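Colleague: Please find one structure pasted underneath; my questions will follow.
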Amino acid sequence: MGVTDPAGPVMDRDEVDRALARLGAEHEAIETSLLALQDHAGRRLLEGAELTGRTKERWAGAEASITLLWAYFDAYTGALRTAREIRARRRWSSREDLVELTELLRGESVTVAGAATAAATANGPAPHGGAARLSERFSLAALVDRMNDLYATSLDMVVAADAVWSALPARIDLLAAELQRTRKLAHSVGVRPGEHPAGDDLERITRTLTKLRAEVVSDPLAFWVPAQGSSAPGGGRPDTTVYDGEARALEEVRREIDAVLSVRQDAEQRLIKLRDLLSRADRTLAEARAARGEVLAKIAATEVPVVGGPPTVLQEQLATAAEYRRQAQWHRLSPLLESLEQKAEDELLRARESLTAVTAPLAVRAELRGRLDAYRAKVARHGLAEDPLLVERYDAARRMLWSAPCDLRVAEQAVLRYQRAAAELLGAPRVPEQGGPEDGRGES
């Protein structure tokens, strides 16, 4: 308000009138704010709630602050009324009136009984002498500043509590309703506490939400995060960390239950597919065992891996899965099917790898046969098929490759000798001593 020292110059009539107008406007603004605070939904809820923790402590201070605010406002109103009465005594105020008005408008002329004690209750020790004093004196400007501070502090507390109450309980109730629907759905497919992890999760979420709602209702300020650097009343946001965590947990449970429901819908098709996979794996292993016998009979000096039999445990688990389906134990069937599907795929892959490993010598013999015939066709195109050396080496290699048992190492050397002889006659680069299927095929 730009108040000067009470011992300063006496205000003239224009200064007095301007000060009264300004103080009147401030009075109306303060009264409007106090009435709005009085009618605030958050304040009414705080008055009727059974509070605990931080909210209980702060509300005790806020209640004292609001009571003190009205005491300050009444004193402010009385001082302003007195000043207006003095100014209204005469149209042209006398010097004595102006001196009195100056002291009233600029000096510490307002006494508030019990203000120090109330201030100690609301905000700690009062600034002018502590809680032992029964009254305090203020200038009108200082009184306005004090009311603004108390109002901001009280409103901040009320707005914060109201914001938490407006946001969290309703959201918790909605999540609790969704939780109940999920529990019924889980029960319908046999997901119960103690029998399925998802059932245990539902029980834990229920307990957490019940506790969370009770804590939010009784101590909303425990779930309030003030905005950093904000001085505006109510600056901040509700802390939804616990709520968000339980909402995510419920969503995870719902997905698990949806998976169980999908099992109920397509269990028969998945069981048929599993039987087919295991049957294909068994046939492949049987083919590998037959091929191993052929390799042992036709290929000499070769180590052939042993082919294992089909694992009986998978067949037993498949029978268990079929039993779960007949008994509608979907919550048990769901994880078993997922495990069986992966194991069946692995078993089919193992069977195919066994067949490949067992038939590898036959594949090598087939490659050597193909290489030998390819070179014979090449020399025939050049009119050299009847060359005695080539005929001799071709017949030797052919006898080795088409006789049983076939020694692959000796047969490969025979094919290489035929290749080298053919290459010399054709004028091509010499065939290396050792080589793979591409040896000797780089010439133009």
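Colleague: Test of understanding: among D282, D244, D276, D266, which residue is of a type in the set (D, E, K, R) and within 30 Å of R213 (Cβ to Cβ)? Give the derivation first.
Modeller: On the way: D282 fails: within 30 Å of R213 (Cβ to Cβ); D276 fails: within 30 Å of R213 (Cβ to Cβ); D266 fails: within 30 Å of R213 (Cβ to Cβ).
Going through D282, D244, D276, D266 in turn, the sole match is D244.
Colleague: Let me ask something additional. Can you run down the residue pairs with Cβ atoms below 8 Å, 6 or more apart or on separate chains, where the first is in region 310-329 and touching a residue at least 60 places away in the same chain (Cβ under 8 Å) and the partner is surrounded by 13 or more Cβ atoms within 10 Å (Cβ to Cβ)?
Modeller: Here the result reads A328/G190; A328/R264; Q329/G190, each pair linking region 310-329 to a residue that is surrounded by 13 or more Cβ atoms within 10 Å (Cβ to Cβ).
Colleague: Does region 243-251 contain at least one residue that is among the acidic types (D, E), within 20 Å of the chain's Cα centre (by Cα) and open to solvent by 60 Å² or more (accessible area, probe 1.4 Å)? Steps first, answer last, please.
Modeller: Narrowing region 243-251 to residues among the acidic types (D, E): 244, 246, 251.
Narrowing the set further to residues that are within 20 Å of the chain's Cα centre (by Cα) leaves 244, 246, 251.
So of that shortlist, the ones also open to solvent by 60 Å² or more (accessible area, probe 1.4 Å) come out as 251.
So far as region 243-251 goes, yes, one or more of its residues are among the acidic types (D, E), within 20 Å of the chain's Cα centre (by Cα) and open to solvent by 60 Å² or more (accessible area, probe 1.4 Å).
Colleague: Sticking with this one: Among the residues of region 227-280, which ones are in a helix (DSSP H, G or I) and under 30 Å from T153 (Cα atoms)?
Modeller: Kept after step one, since they are in a helix (DSSP H, G or I), are these residues of region 227-280: 241-280.
Result: T241, V242, Y243, D244.
Colleague: Using the structure shown, decide if L416 is of a type in the set (A, V, I, L, M), under 16 Å from D373 (Cβ atoms) and in a helix (DSSP H, G or I).
Modeller: yes
Colleague: Identify the single condition in (1) at pLDDT 85 or above; (2) surrounded by 14 or more Cβ atoms within 10 Å (Cβ to Cβ); (3) within 15 Å of L277 (Cα to Cα); (4) of a type outside the set (G, A, S) that L389 does not satisfy, given that it satisfies every other one.
Modeller: For L389, the exception is condition (3).
Colleague: Taking R283, is it farther than 26 Å from E268 by Cβ, at pLDDT 85 or above and among the charged types (D, E, K, R)?
Modeller: So R283 does not fit the description; no.
Colleague: So which pairs qualify, if the first residue must be in region 269-298 and under 13 Å from Q315 (Cβ atoms), the second must be open to solvent by 80 Å² or more (accessible area, probe 1.4 Å) and modelled with pLDDT under 85, the Cβ gap must be under 9 Å, and the two must be at least 6 apart or on different chains?
Modeller: Matching pairs, first to second residue: L271/R325.
Colleague: Looking at region 305-334, which of the residues that are closer than 23 Å to E256 by Cα and among the hydrophobic types (A, V, I, L, M, F, W, C) is surrounded by the most Cβ atoms within 10 Å (Cβ to Cβ)?
Modeller: Restricting to residues being closer than 23 Å to E256 by Cα and among the hydrophobic types (A, V, I, L, M, F, W, C), the top hit is L333.
Colleague: So which residues in region 93-119 are open to solvent by 10 Å² or more (accessible area, probe 1.4 Å), at pLDDT 80 or above and not in a helix (DSSP H, G or I), if there are any at all?
Modeller: E108, T111
Colleague: Quick check: anything in region 292-300 in a helix (DSSP H, G or I) and within 30 Å of R270 (Cβ to Cβ)?
Modeller: no
Colleague: Please go through (1) surrounded by 13 or more Cβ atoms within 10 Å (Cβ to Cβ); (2) β-branched (V, I, T); (3) part of a helix (DSSP H, G or I) for V10 and return the number of the only condition it doesn't satisfy.
Modeller: All conditions are met except number (3).
Colleague: How about region 370-413: which of its residues are outside any helix (DSSP H, G or I) and over 23 Å from G427 (Cα atoms)?
Modeller: The initial filter retains those residues of region 370-413 that are outside any helix (DSSP H, G or I), namely 382-387, 402-407.
Selection gives W402, S403, A404, P405, C406, D407.
Colleague: Something else: Kindly indicate whether R270 is open to solvent by 60 Å² or more (accessible area, probe 1.4 Å) and either within 14 Å of E341 (Cα to Cα) or of a type outside the set (A, V, I, L, M, F, W, C) (or both).
Modeller: Working: open to solvent by 60 Å² or more (accessible area, probe 1.4 Å): no; either within 14 Å of E341 (Cα to Cα) or of a type outside the set (A, V, I, L, M, F, W, C) (or both): yes.
When the stated conditions are applied, R270 does not pass them.
Colleague: To continue, here is another question. Applying the selection to region 335-350, what residues are in contact (Cβ under 8 Å) with a residue 40 or more places away in the chain and open to solvent by 40 Å² or more (accessible area, probe 1.4 Å)?
Modeller: Of everything in region 335-350, those that are in contact (Cβ under 8 Å) with a residue 40 or more places away in the chain and open to solvent by 40 Å² or more (accessible area, probe 1.4 Å) turn out to be E341, E345, R350.
Colleague: I need a count of the residues in region 325-377 that are modelled with pLDDT of 85 or more and of a type in the set (S, T, N, Q).
Modeller: So the answer is 4.
Colleague: Quick one: A301 ticks every box in (1) open to solvent by 40 Å² or more (accessible area, probe 1.4 Å); (2) at pLDDT 85 or above; (3) of a type in the set (G, A, S) bar one, so which box is it?
Modeller: All conditions are met except number (2).
Colleague: Right, here's the next one. Of all residues in region 54-92, count the ones that are open to solvent by 70 Å² or more (accessible area, probe 1.4 Å), outside any loop (DSSP other than H, G, I, E, B) and either closer than 25 Å to V225 by Cβ or modelled with pLDDT under 85 (or both).
Modeller: Selection size over region 54-92: 5.
Colleague: To continue, here is another question. Just one of E353, E367 is open to solvent by 70 Å² or more (accessible area, probe 1.4 Å) and part of a helix (DSSP H, G or I); which is it? Don't jump to the end; show me each part of the working.
Modeller: Values: E367 fails: open to solvent by 70 Å² or more (accessible area, probe 1.4 Å).
Just one listed residue meets the conditions, E353.
Colleague: Being in contact with a helix residue (DSSP H, G or I) (Cβ under 6 Å, 6 or more places away or on another chain) and either farther than 26 Å from G234 by Cβ or not aliphatic (A, V, I, L, M) (or both) is the filter here, so list the residues in region 62-72 that pass it.
Modeller: From region 62-72, those in contact with a helix residue (DSSP H, G or I) (Cβ under 6 Å, 6 or more places away or on another chain) are 62, 64-66, 68-69, 72; that's our starting set.
If the condition is that a residue be in contact with a helix residue (DSSP H, G or I) (Cβ under 6 Å, 6 or more places away or on another chain) and either farther than 26 Å from G234 by Cβ or not aliphatic (A, V, I, L, M) (or both), then S65, Y72 are the ones that fit.
The values are calculated or read from the model by the stated rules, or taken from the named source; none is laboratory data. Treat the numbers as computed from the prediction; the structure is a model and nothing was measured. Backbone-built Cβ (ideal geometry, glycine too); neighbour counts: all protein chains shown. Accessible surface areas use protein heavy atoms only, side chains included; no ligands, DNA or RNA. Shrake-Rupley method; radii C 1.70, N 1.55, O 1.52, S 1.80 Å.
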